[in-house]
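Data block below; observations after.
Values quoted throughout were computed directly from the atomic coordinates according to the rules given, and no laboratory measurement underlies them. Bear in mind the structure is a predicted one, so any value in this text is a computation, not a measurement. Neighbour counts are summed over all protein chains in view; Cβ atoms, including those assigned to glycine, are modelled from backbone coordinates with ideal geometry.
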Amino acid sequence: MILLGALVLLLAVLGAPIFAVIAASALLGFTRAGIDLSVVAIEFFGIAETPVLVAIPLFTFAGYLLGAGRAPQRLVRLSQALLGWLPGGLAMISLATCALFSAFTGASGVTIIALGALFMPALAHAGYDPRFRLGLVTAGGSLGLLFAPSLPLILYGVVAEASIDELFVAGVLPGTLMLVLLAGYSYWRNRHLRGSVREMSLAGVRDALIEAKWELPLPVFVLGGIYGGYFAISEAAAVTALYVAVVELLILREVGWRELPRIVRESMVLVGAILVILGTSLASTNYMIDVEVPQKLFGVIREYIDTPATFLAALLGFLLVLGAILDIFSAIVLVVPLVLPVAAEFGIHPIHLGIVFLAAMELGYLTPPVGLNLFISSYRFDKDVAEVCIATLPFLLVLATCVVIIAYVPGLSLWLLS
Amino acid sequence: MRIESAGRWLEDALLVGLFGVLTLVSVMQILLRNLGFAGFVWGDGLVRIGVLWIALLGAVAASRDQKHIAIDLARRLLPERFWRPVAVVVDAFTATVCGFLAYYSWSFVRDSRAFGDTVLGDWPAWLFQLILPVGFALISYRYASGCLRRIAGVKR
């Protein structure tokens with residue numbers, strides 16, 4: 001049995017789909033426990049018993065559709081008009097825009113492809129050096145992870161059975177901290193670039209605002225609607241999807257009806273890939289809870305670790321390694337059910353844990369060997385992966401500092417909730 | 001081959017159509033609720049089952065595009081001549097696991113039918129659960145045929 005387990009793990013490293021690896025371990029586990037294996041299907045059916053999941057296809061579709069039209073261009077123009085007067089401003093604009101856009105598109109690479117392509121030449125024109133540009137755009141691709149309505153936040157809420165509304169609120173300050181520190185780094189690094197500063201023109205701001213009038217209400221719907229308590233998450237998702245479809249297809253007509261099936265299919269491929277992992281992990285988690293893995297885990301950890309602070313340090317180390325090899329969605333469904341009860345024993349708030357978890361996993365997008373952003377950037381900008389890694393390193397270090405702060409200052413995540 | 005391409009077309013059409021229905025029903029529920037009506041009794045249940053169907057159909061589509069989430073270490077660390085044999089093993093494994101999943105989902109559906117479970121009022125639940133065995137069987141088929149093609153040396 002242990003041999004079989006090791007074999008399954010080897011297959012995972014060799015590139016077997018994660019969902020198949022999880023399903024295989026669940027099947028093996030239940031066989032060992034002598035439980036009828038149709039339990040795996042029964043658990044998978046749990047997907048149809050979790051109402052909030054409908055938000056995932058709806059938000060994903062809205063993000064893909066936004067990326068297909070000219071929304072990215074308008075967003076860039078607006079932020080340039082608003083912040084172009086600041087030294088190092090264009091770098092900060094890129095960061096803020098990437099954060100906003102990747103919150104909607106779920107850090108799936110769409111941001112680097114859609115926005116990165118716009119910012120790279122603009123940053124070059126403003127005199128930013130090539131390495132800085134590359135690192136900035138690569139790091140920007142997952143900056144929105146802690147902002148609503150990012151998919152990982154929703155998925156964590158589902159898996160941890162925590163309030164997604166609260167997670168959306170809790171992510172605001174930690175996400176802003178990441179933005180502020182990265183902006184500070186960009187300013188310091190480019191303090192010699194005074195020449196690129198432009199005059200702020202009110203007319204320019206007005207034009208850009210008018211141009212972006214259809215996209216501007218979006219964050220208001222989602223954030224205002226949810227934070228203000230007007231919408232449930234799934235309702236906000238439905239309204240967002242419908243709104244984006246009406247704007248892109250009927251009002252602005254930037255996306256043709258003929259492209260719609262392709263966009264729906266493309267976004268649903270991502271949704272299917274995530275949900276099939278969630279479905280199979282419902283079964284494997286059930287097995288692990290059954291054989292009391294969290295309790296045993298806690299027993300072992302307790303022998304070496306006795307304060308919440310050391311536990312957090314160990315957790316961060318673990319998540320850094322995990323994030324380097326596993327994608328964020330698989331990590332959430334596999335690890336959260338195990339870590340959550342252990343963290344609770346150490347008195348760590350589940351919402352705080354969620355923010356720490358996602359913030360730490362965000363680093364995983366930028367670390368070799370499997371950091372998604374590194375490869376998307378390398379592919380999109382035709383650069384060697386090693387070169388992208390080096391360019392991204394300073395940004396990674398800044399973000400790592402943020403993660404430590406987020407972990408040890410729970411107030412950052414919890415203050416807005418109280 | 002014609003059956004295969006017709007099947008693909010059907011998969012895509014189902015996926016796109018289902019997503020459309022899901023969006024419309026979700027929006028309609030909100031409208032009705034805010035206008036003071038109760039909304040359809042079966043609306044929420046339909047949406048939840050729609051998500052399950054999208055999950056499976058999306059996963060089938062992901063198998064076709066080779067877009068399932070995986071730890072892609074082998075390709076980065078192993079020399080190119082190992083890629084094909086590794087892919088053959090990985091595909092065979094995935095096809096087998098999904099075969100098991102299809103089989104045990106089928107037995108779940110059979111039991112549910114025997115018990116007479118119902119959803120959305122008095123619709124038989126097994127009709128809606130059928131997507132589980134069908135979906136996993138299709139994924140298994142995709143990986144099995146991919147595996148055979150790799151062995152035969154045909155590029156996908």
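Pair-distance distribution of the range B:68-107: all C-alpha pairs, bin width 10 Å, starting at 0; shares per bin in whole percent are 26, 41, 22, 10, 1. Here the range B:1-59 was treated as a single set of alpha-carbon atoms; its pair distances binned every 5 Å from 0 give 4, 18, 22, 18, 13, 10, 7, 4, 3, 1, 0 percent.
Which whole-number percent gives the relative contact order of the range A:272-390, counting Cα pairs below 8 Å spaced six or more residues apart?
Working: 96 pairs, mean separation 31.6, N = 119.
Worked out over the range A:272-390, it gives 27 percent.
Stretching the chain fully between B:Ser107 and B:Met28 yields a gain of 24.9 nm (0.36 nm per residue, less the alpha carbon separation). Relative protection proxy for A:259-265, A:350-356, from highest mean packing down: A:350-356, A:259-265 (other beta-carbon atoms within 10 angstrom).
If you put +1 on each Lys and Arg Cβ and -1 on each Asp and Glu Cβ, how big is the dipole of the range A:210-297 around its Cα centre, in Debye rounded to 20? Intermediate values should be presented prior to the final figure.
Working: 6 positive and 9 negative charges, 30 e Å.
That gives a dipole near 140 debye.
Using the Cα atoms as the points, what is the convex hull volume per residue of the protein assembly as shown in Å³? Intermediate results must be reported in sequence, preceding the final value.
Numbers: hull volume 92.9 nm³, N = 574.
Taking only Cα atoms, the protein assembly as shown has a hull volume of 162 Å³ per residue.
Placing unit charges on each Cβ (+1 for Lys and Arg, -1 for Asp and Glu) gives the protein assembly as shown a dipole about its Cα centre, and among B:Gly116, A:Leu372, A:Leu173 the Cα reaching farthest toward its positive end belongs to A:Leu372. For the listed peptides B:135-147, A:314-326, A:274-286, a ranking on the average number of other beta carbons within 10 Å per residue, highest first, reads A:274-286, B:135-147, A:314-326.
Peptide A:241-247: average number of partner chain Cβ atoms within 10 Å per residue? It would help to have the intermediate numbers written out before the result.
On the way: counts 5, 5, 1, 0, 2, 0, 0.
Taking all residues of A:241-247 together, the mean is 2.
Residues whose amide H comes within less than 5 Å of that of B:Thr118, counting only those at least five positions distant or on another chain, are B:Ala125 (H built at 1.01 Å from N in the peptide plane).
For the pair A:Glu387 and A:His125, label points projected 7 Å from Cα toward Cβ lie 2.3 nm apart. Taking the C-alpha atoms only, the angle from helix B:80-115 to the longest principal axis of chain B is near 30 degrees.
Which whole number gives the average, over all residues in A:47-58, of C-beta atoms from other chains lying within 10 Å of the residue C-beta? Let's see the in-between values first.
Details: counts 9, 15, 4, 3, 5, 2, 6, 10, 2, 3, 10, 7.
Average per residue, whole number: 6.
Placing unit charges on each Cβ (+1 for Lys and Arg, -1 for Asp and Glu) gives chain A a dipole about its Cα centre, and among A:Ala148, A:Ser186, A:Val403 the Cα reaching farthest toward its positive end belongs to A:Ser186.
Take the Cα of A:Leu10, step 7 Å toward its Cβ, do the same at A:Ala344, and the gap between the two points is 3.8 nm.
Against the main long axis of the alpha-carbon atoms of chain B, helix B:43-65 sits at an angle near 10°.
For the protein assembly as shown, adding -39500 (n - 2.57) for each run of n ≥ 4 DSSP H residues and dividing by the number of residues yields -23500 deg cm²/dmol at 222 nm.
When the Kirkwood radius is taken over all Cα pairs of the range B:37-133, what Stokes-Einstein diffusion coefficient follows at 20 °C and 1.002 mPa s, in µm²/s? Could the numbers behind the result be given before it?
Details: Rh = 16.3 Å.
Translational diffusion coefficient: 131 µm²/s.
Cβ-to-Cβ counts within 10 Å put B:Thr94, A:Thr310, A:Thr50 in ascending order as A:Thr310, A:Thr50, B:Thr94, the fewest first. Hull volume per residue, based on the alpha-carbon atoms of the range A:201-300 and their convex hull, is 198 Å³. Remark: spin-label model distance A:Leu250-A:Asp207 equals 3.0 nm, labels positioned 7 Å along the Cα→Cβ axis. Mean per-residue shielding of peptide A:20-26 is 5, counting Cβ atoms of other chains within 10 Å of each Cβ. The orientation-averaged projection of the convex hull spanning the C-alpha atoms of the range A:257-323 amounts to 6.9 square nanometres.
Here the mean projected area of the convex hull built on the C-alpha positions of the range A:221-264 is 3.3 nm². Taken about its Cα centre, chain A carries a charge dipole of roughly 1300 debye when the Cβ of each Lys and Arg holds +1 and the Cβ of each Asp and Glu holds -1. Under the membrane-span-like helix rule (DSSP H runs whose alpha carbons stretch at least 30 Å along the helix axis, mean Kyte-Doolittle hydropathy 0.0 or higher), chain A yields A:260-290, A:385-408.
When the convex hull of the Cα atoms of the range A:367-418 is projected onto a plane and the area is averaged over all directions, what value comes out in nm²? Numbers along the way, then the final one.
On the way: hull surface 18.5 nm².
About 4.6 nm², averaged over all directions.
Using the Cβ-Cβ distance between A:Glu161 and A:Asp290 with R0 = 25 Å, the FRET efficiency computed as 1/(1 + (r/R0)^6) comes to roughly 0.90. Using the Cβ-Cβ distance between B:Leu78 and A:Tyr379 with R0 set to 22 Å, the FRET efficiency from 1/(1 + (r/R0)^6) comes to roughly 0.65.
Please list A:153-161, A:33-41, A:88-96, B:54-62 highest first by mean number of surrounding beta-carbon atoms within 10 Å per residue.
Numbers: A:153-161: 22.4, A:33-41: 17.0, A:88-96: 25.2, B:54-62: 26.9.
In descending order of packing, they fall as B:54-62, A:88-96, A:153-161, A:33-41.
For an R0 of 25 angstrom, estimate the FRET efficiency from the Cβ-Cβ distance between A:Val180 and A:Ala314 and round to the nearest 0.05.
Numbers: r = 28 Å, r/R0 = 1.10.
The computed FRET efficiency comes out at 0.35.
Report, as a whole number in µm² per second, the diffusion coefficient that Stokes-Einstein gives for the range A:20-148 at 20 °C and 1.002 mPa s using the Kirkwood radius over alpha carbon pairs. If you can, show how the numbers build up before the last one.
Numbers: Rh = 17.2 Å.
In µm²/s, the coefficient is 124.
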